[in-house]
Amino acid sequence: MFTRSSGILIHPTSLPGPYGVGDLGENAYKLIDFLEQSGQSLWQILPPGPTGYGDSPYQCFSAFAGNPLMVSPDFMMRDGYLPAGRMPFIPNFPADKVDYGWAIYWKNQLFENAHDWFIESGGKEQKARFASFCEARSEWLDDYALFMALKKEHMAQDGGVWNTWPADIRDRKKSAIKKWQEKLKEQISLVKFRQFLFFTQWLDLKSYANGKGIQIIGDMPIFVAFDSADVWANPGLFLLDKQGDPTEIAGVPPDYFSKTGQRWGNPLYRWDKMKKNGYTWWTKRIAASFELTDIMRIDHFRGFESNWAIPASEQTAVVGEWKKGPGADLFKTLKENLGSLPIIAEDLGVITPEVEALRDGAGFPGMKILQFAFGGEDDNAFLPHTYQKDCVVYTGSHDNETTLGWYLNATEREQDHVRRYLAVDGHDIVWDFIRMAHRSVAVMSVIPMQDLMKLDNSARMNFPGKTGGYWSWRYTEDMLQPAIGHRLRELTELYNRVPTQ
């Protein structure tokens, strides 16, 4: 399914630009050009959905919607959805990070101005495209738009979390849905308008990337956020009580990294119900994701074999039990419904033979992280000489330190192991890691942008288990120097990862 190739990991919010957060405008197209010129054929992103508390793309308000923060104001003006006179005053946003509070506030003003103008003065053809978009995606868009409008309406009440709403709309009574749809119709239209702009710009960018031979690797969290349109619209598919509170939640048990484990808080699926209806929700979710991307990485793949179920009353992940997931039955059904599944299995952490069998039986490559390879045994499964080709190698991921940061913080034993393994003195350790990844037998090699730029941990994207202050890194235009592309192309050609025409 996959050919020998390489690419870069960077989320669109990390792109440069004047509007407080990276977007799908000119600099996204420049990134695609950079990838093509440097011989890359893969662009990996993080989940592209609308982020919630903590700004994490792994806790989205919808598994189907896109993040309107990524919409380009410049392209809105270019395409006639925002007259220049409707552009709000642009604050002096920081160039090297996302200040989410200000960016969200400003973008909301922008969208309100554009939507008001669109309703009053938008062209007939524009309105027809919008109506067609809303109709084609009504199955999820209607619920999502009402959900977001209701959240805003009830924001003063516990942050607008859906199970704190009045019982009739919390429980989706038909009369309540009809009443609120009428009461909030303008806000609902605005939410749909933002999605229309996102999908229009994203699909244009994807078409441009595919035309340049670039495939987009998406990222899908196995679980969805509790405070999401998905849970509110499909409560019977999740382990909830009659008030809508989760009874069991997701996480991982205590391990080397955390004495209390990780308590994620996502509600667990009722796999029995999903199986009975032919995994319809999963089929729709996977199909929707492949509209936006070409390949999909599924986070916490092991949860399909079994997941750590934590009683919702517990404040840590210490107490819990492993419960079986759907296993191969899910992927058999998905393949019957959708055909080929170009999926990468995130199989990091404690992986059992049963999980390996599920991954291999489905034909999905797993992941290798070079930072995990050193300082231990010489048969460590993350050392490149142990690889089979059906895997994807990374120097590090969005959850890791940057490679330079890792090396500077590594023990002397780890540093010595790296230097001896690569026969280097460590003065150019980041590019030594990039070379190690590219020359491995792994079918795909993906390098975080921070490593290409040899940045330290000040550029770290996330720190698992911590909230606040992450997901905000951005680079500035001057940082993506042509020399980086030349050096990357040299390695890509040397190790036969440039795609053949």
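The values are calculated or read from the model by the stated rules, or taken from the named source; none is laboratory data. Note that the coordinates shown come from a computational prediction; the quantities given were computed from them, not determined experimentally. Glycine gets a Cβ as well: all are built from the backbone with ideal geometry, and neighbour counts include every protein chain shown.
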message: Which condition from (1) of a type outside the set (S, T, Y); (2) surrounded by fewer than 24 Cβ atoms within 10 Å (Cβ to Cβ); (3) within 19 Å of A209 (Cβ to Cβ); (4) touching an Asp or Glu at 6+ places or on another chain (Cβ under 8 Å) is the one that G52 breaks?
response: (3)
query: Taking the stretch 162-199 on its own, how many of its residues are surrounded by 15 or more Cβ atoms within 10 Å (Cβ to Cβ) and either on the phi > 0 side of the Ramachandran plot or assigned to a loop (DSSP other than H, G, I, E, B) (or both)?
result: 4
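Results for (1) assigned to a strand (DSSP E or B); (2) over 24 Å from D329 (Cα atoms); (3) over 22 Å from the mean Cα position of the chain (by Cα), shown as yes or no for each residue.
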| site | (1), (2), (3) |
| --- | --- |
| A209 | no, yes, no |
| I217 | yes, yes, no |
| Q243 | no, yes, yes |
| A250 | yes, no, no |
| T260 | no, yes, yes |
| M274 | no, no, yes |
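Restricting to the stretch 346-363, name every residue that is among the aliphatic types (A, V, I, L, M) and under 17 Å from P253 (Cβ atoms).
Residues of the stretch 346-363 that are among the aliphatic types (A, V, I, L, M), as a first pass: 348, 350-351, 355, 357-358, 362.
Listed by number, the residues that qualify are L348, V350, I351, V355.
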task: Among the candidates G366, G361, single out the residue that is touching a Lys or Arg at 6+ places or on another chain (Cβ under 7 Å) and of a type outside the set (A, V, I, L, M).
output: G366
- line: Per the list (1) closer than 24 Å to I286 by Cα; (2) surrounded by 14 or more Cβ atoms within 10 Å (Cβ to Cβ); (3) over 22 Å from the mean Cα position of the chain (by Cα), residue check on A328 breaks on (2)
message: Looking at the stretch 39-66 only, could you name the residues that are within 20 Å of Y19 (Cβ to Cβ) and part of a helix (DSSP H, G or I)?
response: D55
message: Considering only residues that are assigned to a helix (DSSP H, G or I), of a type outside the set (D, E, K, R) and free of Cβ contacts under 8 Å to residues at least 40 places away in the same chain, which ones fall in the stretch 74-105?
response: M77, A84, G85, G101, I104, Y105
message: Take the residues in the stretch 482-501 that are modelled with pLDDT of 95 or more and in a loop (DSSP other than H, G, I, E, B); name whichever of them is farthest from K212 (Cα to Cα).
response: Y495
task: Please list, ordered by first then second residue, the pairs with beta carbon atoms under 9 Å, 6 or more apart or interchain, first in the stretch 116-130 and closer than 14 Å to D79 by Cα, second part of a helix (DSSP H, G or I) and of a type in the set (S, T, N, Q).
output: F118/Q126; R129/T200
statement: Residue count, the stretch 239-250, condition of a type outside the set (S, T, N, Q) and in contact with a Leu (Cβ under 7 Å, 6 or more places away or on another chain), comes to 5
field: the stretch 305-315: number of residues that are more than 25 Å from the chain's Cα centre (by Cα) and not small (G, A, S)
entry: 3
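G396 - would you say it is over 25 Å from A459 (Cα atoms) and either modelled with pLDDT of 95 or more or surrounded by 16 or more Cβ atoms within 10 Å (Cβ to Cβ) (or both)?
Numbers: over 25 Å from A459 (Cα atoms): no; either modelled with pLDDT of 95 or more or surrounded by 16 or more Cβ atoms within 10 Å (Cβ to Cβ) (or both): yes.
Criteria not met by G396.
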task: Report, by residue number, each residue of the stretch 276-286 that is in contact (Cβ under 8 Å) with a residue 12 or more places away in the chain, closer than 10 Å to L334 by Cα and surrounded by 13 or more Cβ atoms within 10 Å (Cβ to Cβ).
output: Y279, W282, T283, K284, I286
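Do the conditions hold for D360, that is, is it modelled with pLDDT under 95, more than 21 Å from E291 (Cβ to Cβ) and either polar (S, T, N, Q) or out of contact with any helix residue (DSSP H, G or I) (no Cβ under 7 Å at 6 or more places or on another chain) (or both)? Steps first, please.
Values: modelled with pLDDT under 95: no; more than 21 Å from E291 (Cβ to Cβ): yes; either polar (S, T, N, Q) or out of contact with any helix residue (DSSP H, G or I) (no Cβ under 7 Å at 6 or more places or on another chain) (or both): yes.
No: the conditions fail for D360.
Residue check: is L69 crowded, with 23+ Cβ neighbours inside 10 Å, in contact (Cβ under 8 Å) with a residue 12 or more places away in the chain and either more than 20 Å from the chain's Cα centre (by Cα) or in a helix (DSSP H, G or I) (or both)?
Numbers: crowded, with 23+ Cβ neighbours inside 10 Å: yes; in contact (Cβ under 8 Å) with a residue 12 or more places away in the chain: yes; either more than 20 Å from the chain's Cα centre (by Cα) or in a helix (DSSP H, G or I) (or both): yes.
Yes; evaluated as a whole, the condition is true for this residue.
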- prompt: Which condition number does E354 fail, the rest of (1) under 25 Å from the mean Cα position of the chain (by Cα); (2) part of a helix (DSSP H, G or I); (3) farther than 20 Å from L46 by Cβ being met?
  reply: (1)
